[in-house]
Amino acid sequence: MTEIKTAPRALRRIGLMDKAWPGARDALLVVDVQKDFLPGGALAVAHGDEVVAPLNAAIQAFERAGRPVYASRDWHPANHCSFKARGGPWPPHCVAGTRGAEFADGLALPPATVVISKADSADTDAYSAFGGNDLAAQLKRKGVRRVVIGGLTTDYCVVNTVLDARAAGFDVLVLAHAIRAVDVRPGDGARALEAMRKAGAWLEAA
Ligand code: VGL
Ligand code: ZN
């Protein structure tokens, strides 16, 4: 018996993965690429700015293929429960309407991008782009089968979004070169990758 295991890297090398996205039933979901998560921001992620270029390449490919692009954003009120002043783990970040909540300069979102604002009420947090909205139903109505995901942060909003997408029945391709971790505890990013893989997500290496 011959078992053939083809890793994403190998698929990419032989050209299959490139052809594979964007597929006719794919949507792109850009997670929380906001100024506060970039170097210099209120909740800066090391090398967070490096996701912009690979995401722009994906955005352009989806746009050219006429496939939909979604972008989530953390959109907190100033008294959000995840902030330290309220006993939460984080410094104030991504307060709705402030500069820090803006999408990264240089992130080339198409005009038709569907923006998903999340965690926008004081007393609930939502790490997942699928949290507290009907995104899954919206995607299904459009016939989307697979969600291609990249952005920030690997160990919070990306992993929770990926797990929710899997739970909702979508195939998931994570653009692993276009995500970065907070790594509050060393290894959190690596553990998040493992959790995504275990949940059946495909991870595309650079
Ligand atoms: C996030 C920490 C706090 C994220 C949001 O977008 O991953 N991380 N709020
Ligand atoms: Zn947040």
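The values are calculated or read from the model by the stated rules, or taken from the named source; none is laboratory data. On a predicted model such as this, the values are computed, not experimentally measured, just so you know. A quick note on method: Cβ atoms are made from the backbone with ideal geometry, for glycine too, and the neighbour counts reach across all protein chains shown.
Just a few scattered comments:
- Considered as a group, the residues in segment 157-188 that are small (Gly, Ala, Ser) and closer than 27 Å to Ala61 by Cα include one that is nearest to ligand 1 (Cβ to nearest atom), and that residue is Ala181.
- Residue count for segment 119-137, restricted to those that are within 13 Å of ligand 1 (Cβ to nearest atom), crowded, with 23+ Cβ neighbours inside 10 Å and farther than 13 Å from Asn160 by Cα: 1.
- Residues in segment 109-119 include at least one that is farther than 16 Å from Lys35 by Cβ, within 11 Å of ligand 2 (Cβ to nearest atom) and touching a residue at least 12 places away in the same chain (Cβ under 8 Å).
- Odd one out for Asp105, checked against (1) of a type in the set (D, E, K, R); (2) within 16 Å of the chain's Cα centre (by Cα); (3) away from ligand 1 (no atom under 14 Å from the Cβ): (2)
- Residue match in segment 124-132 (condition: among the polar types (S, T, N, Q) and in contact with a helix residue (DSSP H, G or I) (Cβ under 6 Å, 6 or more places away or on another chain)): yes
- Filter result for Val174 (aliphatic (A, V, I, L, M), modelled with pLDDT of 95 or more and either in a helix (DSSP H, G or I) or farther than 21 Å from Leu107 by Cβ (or both)): no
- Residue within segment 28-49 that is crowded, with 16+ Cβ neighbours inside 10 Å and more than 16 Å from ligand 1 (Cβ to nearest atom) present: yes
- Here Arg99 meets the list (1) basic (Lys, Arg); (2) within 12 Å of ligand 1 (Cβ to nearest atom); (3) surrounded by fewer than 19 Cβ atoms within 10 Å (Cβ to Cβ) almost entirely, failing just condition (2).
- Filtered residues of segment 18-40 (kept if within 16 Å of ligand 2 (Cβ to nearest atom), touching a Leu at 6+ places or on another chain (Cβ under 7 Å) and in a loop (DSSP other than H, G, I, E, B)): Asp32, Val33
- Every residue from segment 137-178 that is touching a residue at least 40 places away in the same chain (Cβ under 8 Å) and within 16 Å of ligand 2 (Cβ to nearest atom): Gly151, Leu152, Thr153, Cys157, Val158, Thr161
- Of the residues in segment 54-69, none is within 13 Å of the chain's Cα centre (by Cα) and within 16 Å of ligand 2 (Cβ to nearest atom).
- Pair list, Cβ under 8 Å, 6 or more apart: segment 36-62 residue without any contact (Cβ under 8 Å) to a residue 24 or more places away in the chain, other residue surrounded by fewer than 16 Cβ atoms within 10 Å (Cβ to Cβ) and not aliphatic (A, V, I, L, M): Pro39/His47
- Residue within segment 68-88 that is closer than 16 Å to Leu175 by Cβ, touching a Phe, Trp or Tyr at 6+ places or on another chain (Cβ under 8 Å) and within 11 Å of ligand 1 (Cβ to nearest atom) present: no
- Near pairs, Cβ below 7 angstrom, 6+ apart or cross-chain, from segment 69-92 (farther than 19 Å from Val115 by Cβ) to any residue that is away from ligand 1 (no atom under 11 Å from the Cβ) and assigned to a strand (DSSP E or B): Ala78/Val95
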